[in-house]
Amino acid sequence: MRGAHDPRHPDVQHRGRRREAVLSAFSVTELTRAIRSTLEQDFDAVLVEGEISGLKHHGSGHLYFTLKDEGATLPAAMWKPQVGRLAAIPRDGDRVVVSGRISVYEPRGAYQLIANLIKPVGAGDLNARLEELRRKLSEEGLFDADRKKELPAYPFRVAVVTSRTGAVLHDIWHVLSRRAPHLELLLVPSPVQGIEAVPGICTALERIGSLAGTPDEPDVVILARGGGSLEDLWAFNEEAVVRAVAACPFPTISAVGHETDTTLCDFAADLRAPTPSAAAELVSEERDSLLAALEDYQARAGGALLHLVDRRRERLELLADRPCLRHPEVAVERANQTLDLLSDRLERALGVRRERAHAALALAAGRLDALSPLRVLSRGFAAVEKADGSLVVHAADLHGGDALSLRFADGRVPARVEG
Amino acid sequence: MSKAQTFEQSLSRLEIVVSRLESGDLPLVEALESYEEGVQLVRSCRAELDRAELVIRRLVERNGSVQTDETSPSELFGGEG
């Protein structure tokens, strides 16, 4: 296998300096390690395209798979931290480009690709899936305008679903505490990137939903994440997350990425905010302006009341100024005077009428006296009456033997017509 | 009714009360009652705003039930706040 001359690889020789002097066989470990060094040095950053097969997501979080094409296969592994940053776990048969490095697994003498990033081949792929899902959910009515809940005018409790770490939570906290420190921020932490994002966000939204009807229920929910690539934001295009947003019983604002980023969550939410900070502003009416508004109401109410009282006082003063109220005795005097006047007139009127009545009576009495038959009789006349009392005016009315009554002023005498 | 609903209702009631007062044709007794109501509404609204520091709570699941724990900016963001 080897001669007296040093058959070893110069590089190995160089690295294995300690043993250089003593010519001896490599141990398996030594050789394997040497090979590993060589490979790792020469292939420390590779980009390889192939089809995934035999994929296994191990309980430890690591990912094992084989990359293959028509002519060869390449075992590959991806460690948990990198797996966590994947937008989605690839599936067998997926065509992908993997970036990583080649290493050797010494116990098995096998070289493998240690993957750092896995991307689906063809950038159009994600967009096509996105469009397909958008159409499906849209046809289902998940994005309909009449599903949208109205945001409360003055929220007091704001639930925020976002990463526990990172700038987004800090940005939102900063806006809220500057503008509206009277609010309550309810943090519902969830990973917002990588394979844990989808179950995390769904769970977070479910937990928020379970607050409905309790004293802890929020007035509004913000689902937030900072900017990133389409892959970074992918969780917000996953069907489960989009449905969870639509199902949230509270008004929900989607604030994912930057202004130019659009995710399906934006469609499913009740409102889309261009950035997490903008979402925080949307839900926080400034405390100072609210206080100013209250101040204004109080001032208006006070002013109106004063005005009301003033107007009544003016009316009162106007009335109090009237002569009748200023000199009430005048009215009494005037009334007295009128009374006197009337009384005089009454007196006078009564006197006149009495005199007039007396005169009329005297006149009537005189006339009556003048016409009285008794008065005629007293001058020596007598009235002739028949037996029935009727007055005899003509001599021809009388016949012999008629019984008559002669009436004198002082009495009657019976008589009879002779012949 | 939530605090948000109460607050919104109080503000719209306040608008009505103040507008009525400003219309000026209220009997004095009613005007005084309206004023009293307005002042009371302003006071209760102001009480809701009377907090100088944002409260931060954190939703946690404990023994299968969802609870909220109060936390603080320093706890969340380190030394700041």
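The values are calculated or read from the model by the stated rules, or taken from the named source; none is laboratory data. Remember, it's a predicted structure, so these values are computed and weren't measured experimentally. Note that each Cβ is placed from the backbone with ideal geometry, even for glycine, and that neighbours are counted across all protein chains shown. The accessibility values were calculated without ligands, DNA or RNA, using every heavy atom of the protein model including side chains. Shrake-Rupley method; radii C 1.70, N 1.55, O 1.52, S 1.80 Å.
Hey, among A:Ala273, A:Ala255, A:Ala235, which residue is open to solvent by less than 20 Å² (accessible area, probe 1.4 Å) and closer than 14 Å to A:Cys202 by Cα?
Values: A:Ala273 fails: closer than 14 Å to A:Cys202 by Cα; A:Ala255 fails: closer than 14 Å to A:Cys202 by Cα.
It is A:Ala235.
Are there any pairs, at least 6 apart or on different chains, whose C-beta atoms fall under 7 Å, with the first in the stretch A:284-299 and touching a residue at least 40 places away in the same chain (Cβ under 8 Å) and the second part of a loop (DSSP other than H, G, I, E, B), and if so, which?
From the stretch A:284-299, the pairs are A:Ser284/A:Ala180; A:Ser284/A:Leu183; A:Glu285/A:Tyr154; A:Glu285/A:Ala180; A:Glu286/A:Ala180; A:Arg287/A:Ala180; A:Arg287/A:Pro181; A:Arg287/A:His182.
Can we say A:Ser190 is under 23 Å from B:Thr68 (Cα atoms) and open to solvent by 30 Å² or more (accessible area, probe 1.4 Å)?
Numbers: under 23 Å from B:Thr68 (Cα atoms): yes; open to solvent by 30 Å² or more (accessible area, probe 1.4 Å): no.
When the stated conditions are applied, A:Ser190 does not pass them.
Out of A:Arg225, A:Arg164, I need the residue that is basic (Lys, Arg) and either more than 18 Å from B:Leu54 (Cα to Cα) or more than 10 Å from every other protein chain (Cβ to nearest Cβ) (or both). Which one?
Result of the check over A:Arg225, A:Arg164: A:Arg225.
Go through the stretch A:200-215 and report how many residues are open to solvent by less than 10 Å² (accessible area, probe 1.4 Å) and either at pLDDT below 95 or at the interface with chain B (Cβ under 9 Å from one of its Cβ atoms) (or both).
3
Give me the pairs: first residue in the stretch A:384-413 and part of a loop (DSSP other than H, G, I, E, B), second residue of a type in the set (S, T, N, Q), beta-carbon distance under 7 Å, and six or more apart or on different chains, which are they?
A:Ala409/A:Ser378
Which members of the stretch A:302-315 meet the condition of being farther than 12 Å from B:Leu26 by Cβ and open to solvent by less than 100 Å² (accessible area, probe 1.4 Å)?
A:Gly302, A:Gly303, A:Asp310
Does B:Glu61 satisfy being touching a Pro at 6+ places or on another chain (Cβ under 8 Å), at the interface with another protein chain (Cβ under 9 Å from one of its Cβ atoms) and open to solvent by 80 Å² or more (accessible area, probe 1.4 Å)?
Taking the combined requirement at face value, the residue does not satisfy it.
Name the one entry in A:Ala246, A:Ala280 that is under 30 Å from A:Arg147 (Cβ atoms), within 14 Å of chain B (Cβ to nearest Cβ), open to solvent by less than 60 Å² (accessible area, probe 1.4 Å) and not in a loop (DSSP other than H, G, I, E, B).
A:Ala280
Within the stretch A:254-270, track down each residue that is touching a helix residue (DSSP H, G or I) at 6+ places or on another chain (Cβ under 7 Å) and either in a strand (DSSP E or B) or of a type in the set (Asp, Glu) (or both).
Within the stretch A:254-270, A:Ser254, A:Ala255, A:Val256 meet the criteria.
Return the only residue of A:Ile208, A:Ile195, A:Ile201, A:Ile222 being in contact (Cβ under 8 Å) with a residue 60 or more places away in the chain and not in a loop (DSSP other than H, G, I, E, B).
Within the list A:Ile208, A:Ile195, A:Ile201, A:Ile222, the selection yields A:Ile222.
Yes/no per residue for (1) in a strand (DSSP E or B); (2) more than 7 Å from chain A (Cβ to nearest Cβ); (3) open to solvent by 50 Å² or more (accessible area, probe 1.4 Å):
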position: B:Glu15; (1), (2), (3): no, yes, yes
position: B:Asp25; (1), (2), (3): no, yes, yes
position: B:Ser34; (1), (2), (3): no, yes, no
position: B:Gly38; (1), (2), (3): no, no, no
position: B:Leu41; (1), (2), (3): no, yes, no
position: B:Ala52; (1), (2), (3): no, no, yes
position: B:Thr68; (1), (2), (3): yes, no, no
